[in-house]
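Just below is one structure, and these are the notes that go with it.
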Amino acid sequence: MVEVDKKVKGTLVHFLEEWLRGITENLKLFIREIEHAKTVEELMEMKTLMVSWYLGHVPLSHEECYFCVLHGDIDKDCVVVAGVNCDACEYAVVHGQCGASGSDYMKILEKVRELRDMIENLYYKGEVYDDEE
């Protein structure tokens, strides 16, 4: 086991906190739109958009990866200013380089895309619900 690099961990936590702020702000906007829905159909359409958007923002980018932060060129403001040295990546030894076809990372992204497609195509199909009063 390798002890975590405290600077890298701090940068990663910074990026995750930024991600969380962005997610929270945007989800609140979606929820406000849902609050204003006048029909079940409007509500379902907006919720479908919200879930799809959320899945598109799962924290899987290089800014949310310990190893990418470790091997990336990060400036003092926690901004990635240059590429990541994937050749030095310990994670890539086991999982393949993230950008490579067939890597575990690409498989995960594909499953996220599949789930988004399923949500967009199956969760609400544009059906109209009858008022049963």
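The values are calculated or read from the model by the stated rules, or taken from the named source; none is laboratory data. Because the structure is predicted, anything quoted here is derived from the model rather than measured. Heads up, the Cβs are rebuilt from the backbone with ideal geometry, glycines too, and the neighbour counts pull from every protein chain shown.
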May I ask you to say which residue of 55, 60, 49 is under 11 Å from the mean Cα position of the chain (by Cα), within 18 Å of residue 112 (Cα to Cα) and crowded, with 16+ Cβ neighbours inside 10 Å?
-> 55
In segment 101-133, the residues that are under 23 Å from residue 67 (Cα atoms) and part of a loop (DSSP other than H, G, I, E, B) | 101, 102, 103
Residue check: is residue 98 at pLDDT below 95, touching a Ser or Thr at 6+ places or on another chain (Cβ under 8 Å) and either more than 24 Å from residue 27 (Cα to Cα) or part of a helix (DSSP H, G or I) (or both)?
-> no
Looking at segment 1-38, which of its residues are of a type in the set (D, E, K, R) and over 17 Å from residue 62 (Cα atoms)?
-> 3, 6, 21, 25, 28, 32, 33, 35, 38
Only one of 27, 55 is closer than 20 Å to residue 109 by Cβ and either of a type in the set (D, E, K, R) or out of contact with any Ser or Thr (no Cβ under 6 Å at 6 or more places or on another chain) (or both); which?
-> 55
Helices (runs of 4 or more DSSP H) (entirely within segment 1-82) containing at least 3 residues that are among the small types (Gly, Ala, Ser), at positive phi and at pLDDT 95 or above = none
